[in-house]
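First comes the structure, then the notes that go with it.
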Amino acid sequence: MKTNNGYFGEFGGIYLPPELKNVLLDLAKEYEKLKKQRKFQHELKELYKNYANRPSLLYLAERLSKEVGCKVYLKREDLNHTGAHKINNVVGQGLLAKHLGKKKVIAETGAGQHGVATATIAAYFGMNCDVYMGARDIEAQKPNVYRMKVLGAKVVPVSQGQGTLKDTIDVAIQGYIKEVEIAYYLLGSTVGPHPYPTMVRDFQKVIGEEIYAHLMKAEGRLPTAIIACVGGGSNATGAFYKFISKESVELVAVEPAGKGRLSGRHGLVLGTGKTGEIHGSRTLVMKNKDGMIKGSYSAASGLDYPGVSPELSMLKGNGRLTLGEATDKEAVNAFVKLSQLEGIIPALESAHAVAYLLKNRSKYKKSDVVVINLSGRGDKDVENVYEKLLRKK
Ligand SMILES: *Cc1c(COP(=O)(O)O)cnc(C)c1O
């Protein structure tokens with residue numbers, strides 16, 4: 001089975017016009033070279049430690065453990081600088097852009113979290129920054145828009161199509177092509193053409209490595225399960241990667257069921273997708289009856305993408321993943337539950353992973369050790385969640 005050259009089994013690769021394909025092949029070559037340099041790895045470690053605030057805590061959630069009947073740890077990616085796992089990726093790609101001599105970074109963003117992380121790292125490295133964002137998301141995520149602007153980034157609104165993340169990426173790539181000599185395209189998840197799925201996974205795998213080191217010390221054992229939400233797949237892949245070869249560890253990928261599997265309004269890409277092409281990658285995608293890409297939906301903008309990581313697509317095919325799902329409603333309930341049980345307000349995205357455990361608690365016994373990857377913090381979602389609950393009353 002091919003796992004190199006940007007392929008994960010039948011998935012991955014570069015499905016783009018020759019001009020853009022050559023740019024990416026060069027990038028892949030440069031990255032492979034830099035990755036092997038001690039200096040690059042040392043600088044990356046320093047950025048994790050002194051800028052991103054790593055290692056993140058692995059927190060034993062005692063009241064949640066009692067509630068669900070097994071030992072639950074939360075991997076606190078919400079405590080990272082900028083409030084999510086996305087900083088791990090941007091420090092890595094920002095460092096790469098610096099080594100490539102780029103003066104500008106271009107990014108797309110859904111929930112605004114990746115945009116904020118990119119604007120942050122652009123400020124850190126003294127680079128210009130354009131962040132493309134869907135018009136709908138700009139309205140829904142105002143605080144993140146303000147943060148990006150304060151950080152010195154230009155926020156470019158995209159109203160083409162449905163103004164979703166998928167449309168936004170199309171427009172951002174057009175902007176990138178115009179400035180390909182001076183600009184670096186900083187992709188936010190384990191999606192898109194090679195080398196991004198590999199690169200982003202490399203920069204996120206620190207999550208699983210830290211989980212492993214911490215649990216070996218604290219429990220002297222591997223976890224029973226690791227549960228992570230899946231949008232593009234970067235926090236999940238980051239948490240899972242170290243454990244792929246450790247077959248006793250259940251890897252649970254939780255996707256957004258939105259308004260419910262049967263409503264058709266969801267983002268169950270691993271759960272319902274077919275092989276296709278999206279944004280230069282061959283991977284599982286959501287398709288309608290005519291075989292066209294179907295729009296995804298989730299109340300959590302960070303999970304609202306009709307494609308997914310080619311590596312997760314392969315792992316699903318291999319039977320290595322447990323597929324889970326949580327609806328908007330279940331996620332909102334889990335959001336409040338975790339807040340009130342532990343004093344930790346999770347991102348609505350991360351709340352999907354919490355919801356999975358709440359729903360499936362009977363699967364696990366008292367002696368089991370379950371890790372939830374808490375991909376981000378929920379400040380950006382509190383207002384929405386609060387309003388939703390109020391409206392019900
Ligand atoms: C962006 C985001 C996600 C989804 O992206 P992945 O690449 O699937 O990790 C999940 N949680 C948070 C907090 C996010 O910001």
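Since every read-out is calculated from the coordinates, none of them should be taken as a lab result. Keep in mind that this is a model prediction, so the values were computed, not measured. As a convention, Cβ positions derive from the backbone with ideal geometry for all residues, glycine included, and neighbour counts pool all protein chains shown.
Each 10 Å bin from zero up to the one holding the largest Cα-Cα distance in the range 230-366 carries the following percent of pairs: 13, 41, 35, 10, 1. Of the residues Val150, Val206, Asn128, the one whose Cα sits farthest toward the positive end of the charge dipole of the range 110-228, with +1 on the Cβ of Lys and Arg and -1 on the Cβ of Asp and Glu, is Val150. Compute the angle between helix 18-35 and the longest alpha-carbon principal axis of the chain, please, reported from 0 to 90 degrees and rounded to the nearest 10. In the chain, helix 18-35 runs at an angle near 60 degrees to the longest axis. With contacts taken as Cα pairs under 8 Å and at least 6 residues apart, the chain reaches a relative contact order of 20 percent. Once the Cα atoms are used to define both axes, helix 206-218 deviates from the longest principal axis of the chain by about 30 degrees.
Every Cα-Cα pair of the chain was included, and the share exceeding 28 Å stands at 40 percent. Each residue of the range 252-321 gets 88 Å³ once the volume of the Cα convex hull is shared out per residue. Peptide packing for 128-139, 223-234 was compared via the average number of neighbouring C-beta atoms within 10 Å per residue; ordered from the highest value, the list is 223-234, 128-139.
For the pairs Lys75/Lys359; Lys39/Lys103; Lys259/Lys294; Lys33/Lys75, note any where the Cα-Cα span goes beyond 23 Å. Long pairs (Cα-Cα over 23 Å): Lys33/Lys75.
Per-peptide packing, taken as the mean over residues of other Cβ atoms within 10 Å, places 5-18, 285-298, 372-385 in the sequence 372-385, 5-18, 285-298 from highest down. Annotation: peptides 141-149, 341-349, ranked by per-residue average of other Cβ atoms within 10 Å with the highest first, follow the order 341-349, 141-149. Annotation: extensible slack from Lys66 through Glu219 equals 53.3 nm (criterion: 0.36 nm per residue apart, minus Cα-Cα distance). In this calculation the C-beta distance from Asn22 to Lys274 is compared with R0 = 25 Å, giving a FRET efficiency of 0.30.
Sequentially through the range 351-356, phi angles give Karplus couplings (6.51, -1.76, 1.60; θ = phi - 60°) of 4, 4, 5, 5, 4, 4 Hz, Gly and Pro residues having no value and appearing as x.
Summing charges over all other residues whose Cβ lies under 12 Å from the Cβ of Thr275, with Lys and Arg as +1 and Asp and Glu as -1, gives +2. Along the range 360-372 the Karplus relation, 6.51 cos²θ - 1.76 cosθ + 1.60 evaluated at θ = phi - 60°, assigns HN-Hα couplings of 10, 4, 5, 5, 10, 9, 4, 7, 6, 10, 10, 10, 9 Hz to successive residues, with x for each Gly and Pro. Is there a pair in Lys217/Lys366; Lys246/Lys363; Lys21/Lys242; Lys35/Lys274 whose C-alpha atoms are over 23 Å apart, and which pairs would that be? Too far apart for the 23 Å limit: Lys21/Lys242; Lys35/Lys274. Computed about the Cα centre, the dipole magnitude for the chain is approximately 660 debye when only Lys and Arg (+1) and Asp and Glu (-1) carry charge, each at its Cβ. Relative contact order for the range 204-270: 31 percent, from Cα pairs under 8 Å spaced at least 6 residues apart, divided by residue count. Could you work out how far helix 382-392 tilts from the main Cα principal axis of the chain, as a 0 to 90 degree angle to the nearest 10? Once rounded, the angle reads 50 degrees. Karplus-based coupling profile of the range 59-73, in residue order and whole Hz: 9, 7, 8, 5, 6, 5, 4, 4, 4, 9, x, 8, 7, 10, 10, with θ = phi - 60° in 6.51 cos²θ - 1.76 cosθ + 1.60 and x standing for Gly or Pro.
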